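A.B. asks: Below is one structure. I have some questions about it.
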Amino acid sequence: MHQPPLPPHASGVPWVGDSVEFGRNPKRFVLKRQARLGPVFMGHILGASTAVMVGPQALRFVLSSHRHHFVSGPGWPRGLGMLMSGALMMKDGDVQVRTRRLLAPALAGSALASYTPVMEATARRHLERWAQQGRLSLYDGLKGLTFDTASQLLFGTPEGADTGRLGKLFATYTAGMQGLHPVVPLRVPFTPFGRAFAARSEMLKEVTRIIQEREGSTGSDALARLLESRKEQGEGPSADALAEQAFFLLFAGHESTSSLTTSACLELSRHPDLLDSAREEVESLGEGPLSMERVERLPFLEQVLLETERLHPPFSGSFRQVVKSFEFNGFHVPEGCRVFYSINGTHGDPATFPEPERFTPGRFTPEAARCARHELGLVGFGAGPRSCLGMGFAKLQAKVVLALLLRDYEWGLLPRQSLDPVYLPSLFPKDHLRVSFRRRSVRETRRRETA
């Protein structure tokens, strides 16, 4: 029986060419080749021959209908796999299911609702400090804010506690994920990857120490819920294994939120009419605590965040390893091949989202969504049984922070800065979005209310 051919191969210098272009701008890399080669094509990316899959049908194949053809852990480039070893996204089979079941109670609806006061109090403290500074790199400020919040909610760190050492270690860790450093993972101190790997080891030691100290204690933070969940499930992971999960929750819990919120602030700055609409909606809530129930009553802000997730997904995509060969779109992908499914390529496909480079929150109104063709087109946090477990946490925190920003503060882009995207470890503007920042006066608020 005739076997279909392999997917067409993208042009590029073997080994280096595809990796350099992919690393600089994976969205442009994918869309340029998709337009010429279709929704599945081959490339040599980050050290291995890789089948790139893009578009809703391709992602449905990988994430849902044919997910049994893939495993996650072995699919990642070696260096990235080493830096993320032990994380939920690297696990497969029964281990993945058990680990997800262990983590879920700490990130479920009732738990999220209890986290909202800490999210709000921490955001208020940071935003007021920014206003006193007058200028800042918004991305860096949001990284600090979300890291502070995640530290409190994951580990019960006291409010206002100095998290500087862990924060610096995290900065070193994420720097090792950028560029081509993970392709040749040299574990020596003078390389970015070596420093990142050492920082990861130091952070895991610290997290393990915290877990050992908290054994048998009670509390409302996520770590207490994780320990309780482990107890209820009987024999669970060791302190070291649990530390790997808690560590990655800390990483993912602030990385995706800071990226998403930075991109939303950038787009609102570019679109004053949308900024006014979002501000008016938030002001309609009046004063009082921003409970989870209240921020969920902000449909336009929800549309802004969905469109931000579409146009600026925090992560470009994810890797898989093929464990059972398959055919897709008339091509054969063999067992052992690596697959990269493209999130931002899928979001940028005009067949799925017309005028994909326009920031248009209105495409996510209930009426527009019913008429749209984007089932499994919006996958900024994955889809199916392996969707991001922390999606609710990230989006809730983004809503709380944005609600406070819109109601109480003004920010403006400073001149002479690059807004070009950097894609690893998550999306952010090259110059970190430098802004002027101030608190809104009571007069400005009242003027809007009477306008």
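Every number in this text was worked out from the coordinates using simple rules, so none of it is lab data. Keep in mind that what you see is a predicted model, and the values were worked out from it rather than measured. Glycine also receives a Cβ, built like all others from the backbone with ideal geometry; neighbour counts cover every protein chain displayed.
A.B. asks: Note down the nm distance, to one decimal, between modelled labels 7 Å out along Cα→Cβ at residue 280 and at residue 365.
C.D. replies: So the label points at residue 280 and residue 365 sit 1.3 nm apart.
A.B. asks: 7 Å from Cα along Cα→Cβ at both residue 2 and residue 110: what's the point-to-point distance in nm?
C.D. replies: About 6.0 nm separates the two model spin labels.
A.B. asks: Once amide H atoms are built 1.01 Å from N in the peptide plane, which residues 5 or more positions from residue 365, or in another chain, come under 5 Å H to H?
C.D. replies: HN-HN under 5 Å from residue 365: empty list.
A.B. asks: A further question on this structure: Gain in length, residue 28 to residue 94, computed as 0.36 nm per residue apart minus the alpha-carbon separation, to one decimal in nm?
C.D. replies: On the way: separation 66, 0.36 × 66 = 23.76 nm, distance 3.63 nm.
Result for the pair: 20.1 nm of gain on full extension.
A.B. asks: Continuing with the same structure: Amide H of residue 156 versus every other amide H placed in the peptide plane: which residues, excluding those fewer than 5 positions away on the same chain, fall under 5 Å?
C.D. replies: 222, 223
A.B. asks: Past the 38 angstrom mark, what percentage of all C-alpha to C-alpha distances in the chain do you count? Please list the in-between numbers first.
C.D. replies: Numbers: 22755 of 101475 pairs.
Every Cα pair in the chain considered, those over 38 Å come to 22 percent.
A.B. asks: Less than 14 Å Cβ to Cβ from residue 425, Lys/Arg counted +1 and Asp/Glu -1: what total charge do the surrounding residues give?
C.D. replies: Numbers: positive: 143, 200; negative: 255.
Once all neighbours under 14 Å are counted, the net charge is +1.
A.B. asks: For residue 332, list long-range residues whose amide hydrogen, built 1.01 Å from N in the peptide plane, is under 5 Å from its own amide hydrogen.
C.D. replies: Correct list: 6.
A.B. asks: List the longest stretch of the chain that has no exposed loop site; here a site is one of the chymotrypsin sites (Phe, Trp or Tyr not before Pro) assigned by DSSP to anything other than H, G, I, E or B, with at most 15 other Cβ within 10 Å.
C.D. replies: Values: sites that count: 15, 190.
Result for the longest clean stretch: 191-451.
A.B. asks: Determine the relative contact order of segment 36-166: mean sequence separation of Cα pairs under 8 Å and six or more apart, normalised by residue count, in whole percent. Don't skip to the answer; put the middle values down first.
C.D. replies: Numbers: 69 pairs, mean separation 15.0, N = 131.
Computed value for segment 36-166: 11 percent relative contact order.
A.B. asks: Kindly provide the helix-only [θ] at 222 nm of the chain, computed as the sum of -39,500 (n - 2.57) over DSSP H runs of four or more divided by all residues, to the nearest 500 deg cm²/dmol?
C.D. replies: Working: 18 runs with 230 residues, N = 451.
That calculation yields -16000 deg cm²/dmol at 222 nm.
A.B. asks: So if each residue of separation counts as 0.36 nm, and I subtract the Cα-Cα distance between residue 64 and residue 420, what length gain in nm does that give? Each step should come with its number before you reach the end.
C.D. replies: Details: separation 356, 0.36 × 356 = 128.16 nm, distance 3.31 nm.
Roughly 124.8 nm would be gained on extension.
A.B. asks: Quick one: 3J(HN,Hα) in Hz for segment 356-363, Karplus 6.51/-1.76/1.60 with θ = phi - 60°, rounded, Gly and Pro as x.
C.D. replies: Calculated HN-Hα couplings, in order: x, 8, 8, 8, 9, x, x, 5 Hz.
A.B. asks: Continuing with the same structure: Net charge around residue 384, counting only other residues with Cβ within less than 10 Å of its Cβ (Lys, Arg = +1; Asp, Glu = -1)? Working shown, then result.
C.D. replies: Working: positive: 60, 67, 386; negative: none.
Residues close to residue 384 contribute a combined charge of +3.
A.B. asks: At residue 296 and residue 409, where each label point lies 7 Å from the Cα along Cα→Cβ, what is the point-to-point distance in nanometres?
C.D. replies: It works out to 2.6 nm between the two label points.
A.B. asks: Another question about this same structure. Below 8 Å between Cα atoms, with a sequence gap of 6+, how large is the relative contact order for the chain in percent? Don't skip to the end; give the middle numbers.
C.D. replies: Details: 713 pairs, mean separation 116.0, N = 451.
Contact order relative to length: 26 percent.
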